[in-house]
1. For the pair residue 96/residue 208, report the inter-label distance in nm, with labels modelled 7 Å from Cα in the Cβ direction.
2. With a ≥ b ≥ c the root eigenvalues of the C-alpha gyration tensor of region 1-66, is it rounded (a/c under 1.5), prolate (a/b larger than b/c) or oblate?
3. Which whole-number percentage describes the relative contact order of region 41-118, with Cα contacts under 8 Å and a sequence gap of 6 or more?
4. Rank the residues 88, 105 as a footprinting-exposure proxy: fewest other Cβ atoms within 10 Å of their Cβ go first.
5. Quote the relative contact order of the chain in percent (integer), defining contacts as alpha-carbon pairs under 8 Å separated by 6+ residues.
6. Let me make sure I get this right: for region 4-114, a, b and c are the square roots of the gyration tensor eigenvalues over alpha carbons, sorted descending. Under 1.5 in a/c it's rounded, otherwise prolate if a/b > b/c, else oblate. Which is it?
7. What is the angle, in °, between the Cα long axis of helix 190-206 and the longest principal axis of the Cα atoms in the chain? Nearest 10 is fine, range 0 to 90.
8. Relative to the longest principal axis of the C-alpha atoms of the chain, give the angle of the C-alpha long axis of helix 25-34, reported between 0 and 90° and rounded to the nearest 10°.
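Every read-out reported here was derived from the displayed coordinates using simple, explicitly stated rules and does not represent laboratory data. Predicted model only: the values in this text are computed from it and were never measured. Neighbour counts run over all protein chains shown; Cβ positions are idealised from the backbone, glycine included.
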């Protein structure tokens, strides 16, 4: 069980001191990392040259994501750029993503750009947690990617979860057959999904400051799963 990781607590306390209700993308990933949730490799870049260095270390292709405490939904602010290959493309993307972020508000605080490895395609799922007024801390699981909005196929359990609870959440989906392999594709790693569900359950129970947590998408392969994006909202 997560007792309350000191680094995660420090990050959350700093956000509350700033009187913010959301963690920036790098802060959210750091909480995931220290709490044992696998994430796609990432680094912070605060200049064009550091973005190039980060991409070289991580390996192309990469994604860029804007880092701003004022941007909750990065995609809506045009703050995400994917499948960037090569130094010239990275230079152009680095300046474009900052320009786009400032178009909505020229005074917006930009702390840099997150450079992240592009993960090979797999089964995309969503793992989330929230504090329900009636049931308290709860965990959500569903299909991600193109299936998410079209199917609205999700399951919920009250936290803390047992391993059996997490397994049942997967089986509860109307489209659970996808979790067994689909049209010749190998079955996604169920145990890796269960491990992430249990970690998210532990986090929402351990950190009462967290109001909601969304990992969307989590890309699941035949072996292993990684969170590609993370959003954490906290109570003030």
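1. 4.7
2. Because a/c hits 1.5 or more and a/b fails to exceed b/c, region 1-66 counts as oblate.
3. Across region 41-118, relative contact order equals 49 percent.
4. 88, 105
5. Over the chain, the number comes to 24 percent.
6. oblate
7. Helix 190-206 sits roughly 80 degrees off the main axis of the chain.
8. 50
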